[in-house]
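The values are calculated or read from the model by the stated rules, or taken from the named source; none is laboratory data. Here the structure is a predicted model, which means the values were calculated and not measured. FYI the Cβ positions are ideal-geometry reconstructions off the backbone, even for glycines, and counts take in every protein chain you see.
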Amino acid sequence: MERRSNGLFLSWNAQSLALLARAASICVIADLFDRWSLIRDFLTQSGVLPLELISSVTPLGKFAFILPHFWADAPVFHQSLMVLQGVLAVLLFVRARSALCIGLLFWLHISQMNREPFLLYGGDSLLSLVLGFLLIQKFSSRVASAVLSGFLITLYFHAGYVKWSAPWFSGEALSLIGWSGVETTPLAESLLTRPWFSGIFSPLVPIAEIFLPALALCSKNRVRSVAAAVLLLFHLSHAFLFELGFFPWLAASIWGASLLSQAPTEPLPQRLRARSNLLPLLIFLLIFLSQSRFLFPWRIQTYGLHTPFQALGWDRPWGFWANIQGSMKTEIWILGADDGNPGIHVNLLSPEHQGRPWPSRLYPSHRWHHQLENLFLFRTAHRPPRIVQDAFFEHFCRRALSLKLSSVRVEKHWFPEKDGAPRISIEGQRNCQPAPKSSAE
């Protein structure tokens with residue numbers, strides 16, 4: 001007779017929690033190496049996101065002072081915070097898993113996310129969710145499981161829901177992704193463009209994202225194990241096919257840890273199980289309601305609860321490659337120009353490369369790609385305030401002036417057909433003026 005799980009949500013044991021904690025610590029360290037080179041560009045007064053600007057647009061508003069990344073903008077200060085994060089991540093890896101250690105690491109990660117809101121991607125949100133789960137786990141395992149299960153169900157469902165369209169079921173979607181070169185590896189560009197491969201696996205993506213997480217919560221351990229194993233392989237394939245940072249590795253670790261926790265256990269008495277799951281069930285429903293605006297065209301009034309979720313980084317839906325309508329091959333160029341010599345154009349992110357390789361291959365970090373998407377590719381309703389774009393251009397004007405260039409513009413090169421010439425649109429442009437010299441000079 002097949003045994004059943006003793007709860008409504010994902011269950012965990014000591015081994016699975018250890019695996020998840022170590023995976024989270026490795027992701028924190030890898031992320032710190034990625035962000036270290038971005039300190040001057042994004043965390044200082046002369047960077048793209050100066051402190052007084054971010055303080056005015058953060059969802060925390062006047063409460064931003066509780067986060068250490070809002071205390072100063074000196075490079076050495078942010079370097080010190082990153083070193084502290086690294087030390088805490090090492091302690092988490094070597095079994096120092098106290099609530100204090102996890103809580104400090106969670107606090108610093110949330111602070112970093114709110115200080116750099118336009119650099120975020122799905123990996124940041126997932127890491128925040130895992131660290132929050134590990135912290136809540138110290139006080140209530142059932143509440144922690146309800147929180148993690150609730151967010152995973154809604155995030156995966158949204159990711160599949162927005163892909164439930166003809167391009168994905170015809171196989172065209174994966175083929176276009178492979179052809180586009182957007183956040184893909186050479187292996188993806190080779191495999192995804194093969195008709196047989198995209199024809200088989202493209203329809204499976206939205207189906208897997210909608211149904212497998214729900215099956216992973218099934219009361220039957222065998223069904224849970226199969227669903228978790230397929231999701232594990234699903235994310236491992238993402239790790240080798242796409243350049244998505246640590247996101248696929250952490251997602252794979254969640255389902256790998258879930259597999260470790262599927263040891264047979266005796267079920268709780270029915271009455272005790274119902275009572276002990278009442279609060280987690282209410283939490284699960286609250287999370288679903290708060291995220292419902294991502295799932296449906298209508299919204300349920302949640303009385304502002306999405307704002308703390310947004311500050312925690314848990315309020316970011318996954319919509320990778322959702323809107324594929326005939327083409328998605330888009331280049332974003334940040335160009336410096338000399339108005340006196342129209343033939344001179346310099347890619348300000350990588351001045352030493354002036355050929356036509358994909359700009360994403362020339363970015364100092366994959367986070368630059370997300371920064372440009374957030375600033376220039378999203379439609380007007382989703383774009384950040386104008387002052388954020390102004391700060392962006394001020395930063396690159398300083399770069400342009402140092403190269404003796406007089407203007408900066410952002411171009412979008414869109415390829416409507418696989419073999420067609422690109423259409424070029426100017427998404428933003430500024431004339432750069434040297435800073436006035438002080439009277440003392």
Which residues, taken from segment 168-198, are in contact (Cβ under 8 Å) with a residue 24 or more places away in the chain, over 25 Å from the mean Cα position of the chain (by Cα) and exposed (fewer than 15 other Cβ atoms within 10 Å of the Cβ)?
-> SER170, PRO195
Would you be able to tell me the number of residues in segment 352-383 that are in a loop (DSSP other than H, G, I, E, B) and modelled with pLDDT of 65 or more?
-> 3
Quick check: is even one residue across segment 106-118 assigned by TED's automatic domain parsing to the domain that holds ALA21, in contact (Cβ under 8 Å) with a residue 60 or more places away in the chain, touching a helix residue (DSSP H, G or I) at 6+ places or on another chain (Cβ under 7 Å) and of a type in the set (Ser, Thr, Tyr)?
-> no
Looking only at residues in segment 52-87 that are without any contact (Cβ under 8 Å) to a residue 40 or more places away in the chain and among the aliphatic types (A, V, I, L, M), which one is surrounded by the fewest Cβ atoms within 10 Å (Cβ to Cβ)?
-> VAL76
ALA74: passes all of (1) more than 22 Å from the chain's Cα centre (by Cα); (2) more than 22 Å from PHE393 (Cα to Cα) but (2)
Of the residues that make up segment 218-237, is at least one in contact with a His (Cβ under 9 Å, 6 or more places away or on another chain), assigned to a helix (DSSP H, G or I) and surrounded by 19 or more Cβ atoms within 10 Å (Cβ to Cβ)?
-> no
